[in-house]
Amino acid sequence: MNQARVRIGPADMYDGNPVSLELDGKPYWLTQDAEGRFALLLAYCPHAGGEVLHAEGEFYCPLHFWTFDGRSGECTNRDYERLMRRDVVLEDGAFYAAGADY
Ligand code: FES
């Protein structure tokens, strides 16, 4: 399904650290990957839906302590698991979420 772009906020909302925000009623982290691309990582744990928190460059779920890479969202202590993500476009001084979670 093709979804319209949704404005997230101004470019200066990102200072190099993940930014917690809500979009479509769901919690996300705005992050930047190793290649400089921005993305939204869904802050729902893929294990059992715990809220994914952030500390010291890593995301973690406090329910059973799965941990996730702060740039890619890949699980760092379980194989083949990752946070859902949504592409982000930086244009004309603002961030826009593009498409759907995948
Ligand atoms: S719900 Fe997140 S680790 Fe279990």
The chain: longest stretch without exposed GluC sites (Glu not before Pro) (DSSP loop, at most 12 other Cβ within 10 Å), sites themselves excluded?
57-102
Report the dimensions of the chain along its three principal axes from the alpha-carbon atoms, largest first, rounded to Å.
40, 30, 22
Under a Gaussian network model of the chain whose springs join Cα atoms within less than 10 Å, the largest fluctuation of L83, L30, L53 belongs to L53
Given charges of +1 on the Cβ of Lys and Arg and -1 on the Cβ of Asp and Glu, with all other atoms neutral, how large is the dipole of the chain about its Cα centre, in debye to the nearest 20?
260
Under a plain spin-label model, where a point goes 7 Å from the Cα along Cα-to-Cβ, how far apart in nm are N77 and E35?
2.9
Suppose R0 equals 22 Å. What FRET efficiency, 1/(1 + (r/R0)^6) with r the Cβ-Cβ distance, do H47 and A100 give to the nearest 0.05?
0.55
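Just so you know, all these numbers are worked out from the coordinates, no wet-lab data involved. Nothing here was measured: the structure is a model prediction, and the numbers come from that model. Because the Cβ atoms are built from the backbone with ideal geometry, glycine has one as well, and the counts that use them run over all protein chains shown.
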